[in-house]
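Okay, structure first, notes after.
The values are calculated or read from the model by the stated rules, or taken from the named source; none is laboratory data. Not measured: the values here are computed from a predicted model. Every residue, glycine among them, receives a Cβ derived from its backbone with ideal geometry; neighbour counts consider all protein chains shown.
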């Protein structure tokens, strides 16, 4: 057994296609297929379900795949630890972030880069479920996600900031001029919200349920920027996290109204795997990140709570 065989197996699991897995591994498809067949012969068991196309893994193959990911992750951590002792920490840090946290990510990666300039950081927009699976499957070193809304397991966490919510609407819409709005009132207008696979949407649905409301959005999207563009059109309103508006400002001809009854917030923070030995890159990021106060990072735009 050689590490390349395990790497090809993991690539096949990720791409779920022999050709794409070979391309991702910078080898030909026959080379990849031959390497996996050699691994099966060495293990003395079938790993891949045979067919004209990739049909998944056998039960034995799933066990091999789980160990392959762990072995490759341990080898990567070993290289990082050796680099740290020699020429300083280097490598690639893969960081998954929920979409609503993307405006804040640079305030976490900047101090890390100042300490470890040889490390390349890859930031990926992912759902909270994808981040949890990515850390569990060794596909990510760290994630920025919600900490207190849905249970997390097998991770270490550090709170970074608190996410609050405002009602975003057109400046000529029904609630123009209001200085606050109840969640029950917000449920009465056509809404554009994130799709149900996003935890932000599940949080908002949960708050609506707490006041006896269950609005059906007129538009659903998996892009936080689409929330703003649809609101600016004048047909829909939305509920967005305050960091989005504080970093990018209000869309033209819109206003943001604080939501009350209840005044809701959720903790967003950094998570890394709780397994030992953990990735040196993950440990370094965890140590470098400090909680931030959104209001101090950037002032709210001048037009906040007023129309353009």
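Of the conditions (1) farther than 29 Å from residue 93 by Cα; (2) in contact (Cβ under 8 Å) with a residue 24 or more places away in the chain; (3) surrounded by 15 or more Cβ atoms within 10 Å (Cβ to Cβ), residue 38 fails just one. Which one is it?
It fails just one condition, (3).
Hey, can you tell me all the residues within the range 115-161 that are over 9 Å from the mean Cα position of the chain (by Cα), within 17 Å of residue 93 (Cα to Cα) and surrounded by fewer than 16 Cβ atoms within 10 Å (Cβ to Cβ)?
Correct list: 115, 117, 118, 120, 122, 133, 136.
Could you say which residue among 159, 196 is free of Cβ contacts under 8 Å to residues at least 60 places away in the same chain, outside any helix (DSSP H, G or I) and in contact with a strand residue (DSSP E or B) (Cβ under 8 Å, 6 or more places away or on another chain)?
It is 196.
Between residues in the range 128-153 that are without any contact (Cβ under 8 Å) to a residue 60 or more places away in the chain and residues that are surrounded by 19 or more Cβ atoms within 10 Å (Cβ to Cβ) and assigned to a helix (DSSP H, G or I), which pairs lie under 8 Å by C-beta distance while being six or more apart or on different chains?
Within 8 Å, the pairs are 140/131; 140/134; 150/128; 150/199.
Have a look at 120, 109 and point out the one that is touching a strand residue (DSSP E or B) at 6+ places or on another chain (Cβ under 6 Å), part of a strand (DSSP E or B) and assigned by TED's automatic domain parsing to the domain that holds residue 284.
120
Please determine, by comparing only the residues of the range 172-192 that are over 32 Å from the mean Cα position of the chain (by Cα) and in contact (Cβ under 8 Å) with a residue 12 or more places away in the chain, which one is farthest from residue 218 (Cα to Cα).
For the range 172-192, the residue satisfying everything is 179.
In the range 255-274, what residues are surrounded by 19 or more Cβ atoms within 10 Å (Cβ to Cβ), in contact with a helix residue (DSSP H, G or I) (Cβ under 7 Å, 6 or more places away or on another chain) and closer than 14 Å to residue 182 by Cα?
256, 259
Looking at (1) modelled with pLDDT under 90; (2) farther than 12 Å from residue 9 by Cβ, which is the one condition that is false for residue 59?
Unmet for residue 59, out of (1) modelled with pLDDT under 90; (2) farther than 12 Å from residue 9 by Cβ: (1).
Could we say that residue 68 is touching a residue at least 40 places away in the same chain (Cβ under 8 Å) and within 24 Å of residue 133 (Cβ to Cβ) here?
So residue 68 passes the test.
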